[in-house]
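What follows draws every value from the coordinates through simple rules; no lab data is involved. Keep in mind the model is a prediction, meaning the values are calculated, not measured. Here the Cβ positions follow ideal geometry from the backbone for every residue, glycine too, while neighbour counts run over all protein chains shown.
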């Protein structure tokens, strides 16, 4: 037999006896009947809110990395489960861990996410909730956050206002408890970066004629001197009608006007257009911040699998925590040791394109300038060992 034929036979024999590829199993947990994905909300396309299921971004990350996974001899398999309650989410998480899942990806309300994190001993990747308490008083040792926190977004906005010398801030706050909590976060950012809060005023969309003034932009923004109006409106309905309707001709920022986001489909640097195009081609809609967070969760899983291709789950968990990720935003990203938050730049968008980025140019930090966004290590808001 010729040497070439012998080599081919040897290669076939080796292929036949090669060990099967290791599989990093992950489970995506979603809320059943997610109100955020109700058709009328999706049609309005509020900035900062989801545009579709988190599984879309997660699947794209695994597809993008298929060559890399094949070269490492490892696979990433993602199973999706829906839960109708916090208890159901907890049970689904425990069942997934028992079935061999090495990590969980969750797009759940904060309390559900905490229940999941308390039910398992594997990494939990949060891609849908920005609440600061998940990174602070209610943090957990194996809970990681791909979506920027509310504090990171408000710090990014405050930095941008300082850079533009818009120092006098009028704040309008919605009636929901979440809005009041986020208003307190915004005020912390205003104080951190030396801005001045000239007034805080509540608004309310109501059919009660006695409360008409609470939904009137001219009345709400009158009788004050300010450089900018910062609106805190988690629902989005009031804020979307606020720009160009203020008593003074001033910019609107926050949850309308100029909005701090993890991602926008019109971001045009660092390979971002290619990411957005691949996503739009795959699922026929623009990529949102939540989609980007899910995509980054997939990249974190892929990175762990490639770093430790043979596993076991503990090795994947260590690799995930220590990994450095490329999110197509111009700088390496990693998880903060003190609260599990992914360091990342924030994009400032008016809905049509990206107007600015934070951290702003020239800002300094003794360690990593990305830590000027959100709770820094000396604040010690998360007190669990990681």
Under the 7 Å Cα-to-Cβ spin-label approximation, residue 365 and residue 208 lie apart by a distance in nanometres of 4.3
Of 259, 306, 198, the most mobile residue in a GNM of the chain (C-alpha springs, cutoff 10 Å) is 198
Region 251-333: spread of alpha-carbon positions along the three principal axes, whole Å, largest first, is 51, 28, 19
The residues 140, 133, sorted from fewest to most surrounding Cβ atoms within 10 Å, come out as 133, 140
Most exposed to least, judged by fewest other Cβ atoms within 10 Å, 299, 284 sort to 284, 299
The chain, Gaussian network, Cα under 10 Å: of 129, 56, 208, the residue fluctuating most is 208
The helix 272-283 Cα axis meets the longest alpha-carbon principal axis of the chain at an angle in degrees, between 0 and 90 and rounded to 10, of 80
Heads up, region 85-217 by the C-alpha gyration tensor (a ≥ b ≥ c square roots of eigenvalues; a/c under 1.5 rounded, else a/b over b/c prolate, else oblate) looks oblate
Rounded to the nearest 10 degrees, the helix 177-192 long axis (Cα) sits at an angle to the longest Cα principal axis of the chain of 80
Under the rule rounded for a/c under 1.5, else prolate if a/b exceeds b/c, else oblate, using alpha carbon gyration tensor axes a ≥ b ≥ c, region 37-86 is classed as oblate
Percent of all alpha-carbon pairs of region 154-261 at distances over 16 Å, whole number, is 52
Within the set 47, 214, 195, GNM on the chain using Cα springs under 10 Å gives the largest fluctuation to 214
Per the C-alpha gyration tensor (a ≥ b ≥ c, the square roots of its eigenvalues), region 284-386 is rounded if a/c is under 1.5, else prolate if a/b beats b/c, else oblate; here it's oblate
Between [x] 0.93; [y] 1.03; [z] 0.99, the structure-derived Rg/Rh (Cα atoms, Kirkwood Rh) is [y]
Nearest 10, in degrees from 0 to 90: the angle of helix 313-322 to the longest Cα principal axis of the chain is 40
Between residue 98 and residue 163, Cβ-based FRET efficiency (R0 41 Å, step 0.05) works out to 0.20
What helix-only [θ] at 222 nm does the chain give? Using -39500 (n - 2.57) per DSSP H run of at least 4, over all residues, to the nearest 500, the answer is -11000 deg cm²/dmol
